[in-house]
Amino acid sequence: MSRPLELVDPRSYTSPHKGWEEVTIGTSLGGGVQLPIGIVRGESDGPTVLVVAGVHGDEYEGPMAVARFFTSVDPTYLSGTFVCLPVVNPYAFEAQKRESDAAYDGLNLARQFPGTPGGSPTQRLADELYRFATELLGPDDLFIDLHSGGTRYEFLPMVGYHSTDDTTEAASLEMARTFGLKRVWRVPESPSSTKTYNGTVARAGIPTLGTEMPGRGGAREVDVESLVEGLGNVLIAKRMLPGNVESVPSEVGTVTQMVSCNASGLLHVCVDLDEEVGSGDLLAQISTLRGDTAEEIVAPVEGNIWAIRRFASVRPGDLVFMIAKA
């Protein structure tokens, strides 16, 4: 029988425990939507790790990795509690889009945190999810938010943490460097990054990681398995599972520059992922339907291309590139 998410306390389960159950979100809207939640309580006490995926409905590596990793966890060898929500945005997942379907409100969940209790469906969902994470977790625990490029972007694999300039940032960086991806992203504070699920949880004093995987609407086995291995690495690093973390050379924390477009039209990209560019280099052109040039996009900084928009139709304000600053 399904229970409201707000009534679920994973730490109250008798140890050892492992199982899935259905929880309901959006009960204030009448009826609500059911989601699976996986809970593993170890033989001994320890930290709590909450892993979520599917904030955007067109990102699939995360949900697949969450389910696969859950299957592998043996509560006999676990210290603490592992909690996972493979899809936290059923409105967008059902629509197979980044945003919720227009029939609900058409909003991007990753720009609505910490949420609005009396707002639209997506805003209420953000409120429920934020309260669940911040009431469950503390400074000795860990929150992980798995993302990818979805259907419109392609990213290089990376793990990120937020520049909160406090002890939380230091703990997040430590975990990011154990995840196993060589690109470690120091997410700069911006109007959008402070409204994401991982951004708001990090600013609540909880160590937080976020990942980006290639995307393009698929879920390559190599990318799913990288996330599974990364989840295992951080649980080992937090001494929740036995074993040793294999060291992977990584950046200390690379800051990025987002590059958006100002015109609408058709996008022609002139560079590729992992390409080094110099300030002023031509990155892309946007053309009108008559073939005229509507905009030339040039690199604002020197660096390495970490993400590219692969959806050719663009509107003013669309993100087109992410450049890791040199």
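Listed values, structure above:
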item: Criterion (surrounded by fewer than 19 Cβ atoms within 10 Å (Cβ to Cβ), within 30 Å of residue 140 (Cβ to Cβ), in contact (Cβ under 8 Å) with a residue 12 or more places away in the chain and within 15 Å of the chain's Cα centre (by Cα)) met by exactly one of 68, 111; result: 111
item: Some residue of the range 50-63 being in a strand (DSSP E or B), closer than 22 Å to residue 17 by Cα and touching a Lys or Arg at 6+ places or on another chain (Cβ under 9 Å); result: no
item: Matching residues, the range 165-182, being surrounded by fewer than 20 Cβ atoms within 10 Å (Cβ to Cβ), touching a residue at least 24 places away in the same chain (Cβ under 8 Å) and part of a loop (DSSP other than H, G, I, E, B); result: 166, 182
item: Odd one out for residue 97, checked against (1) touching a residue at least 60 places away in the same chain (Cβ under 8 Å); (2) over 20 Å from residue 22 (Cα atoms); (3) basic (Lys, Arg); result: (1)
item: Breaking point among (1) out of contact with any Leu (no Cβ under 6 Å at 6 or more places or on another chain); (2) over 30 Å from residue 325 (Cβ atoms); (3) small (Gly, Ala, Ser), for residue 163; result: (2)
item: Where residue 118 falls short, out of the listed (1) surrounded by 18 or more Cβ atoms within 10 Å (Cβ to Cβ); (2) more than 19 Å from residue 233 (Cα to Cα); result: (1)
item: Test for residue 62: is it buried (at least 21 other Cβ atoms within 10 Å of the Cβ), in contact with a helix residue (DSSP H, G or I) (Cβ under 6 Å, 6 or more places away or on another chain) and not hydrophobic (A, V, I, L, M, F, W, C); result: no
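Coordinate-derived values only; no laboratory data. Because the structure is predicted, anything quoted here is derived from the model rather than measured. Quick reminder, even Gly has a Cβ in these numbers, built from the backbone with ideal geometry, and neighbours come from all protein chains shown.
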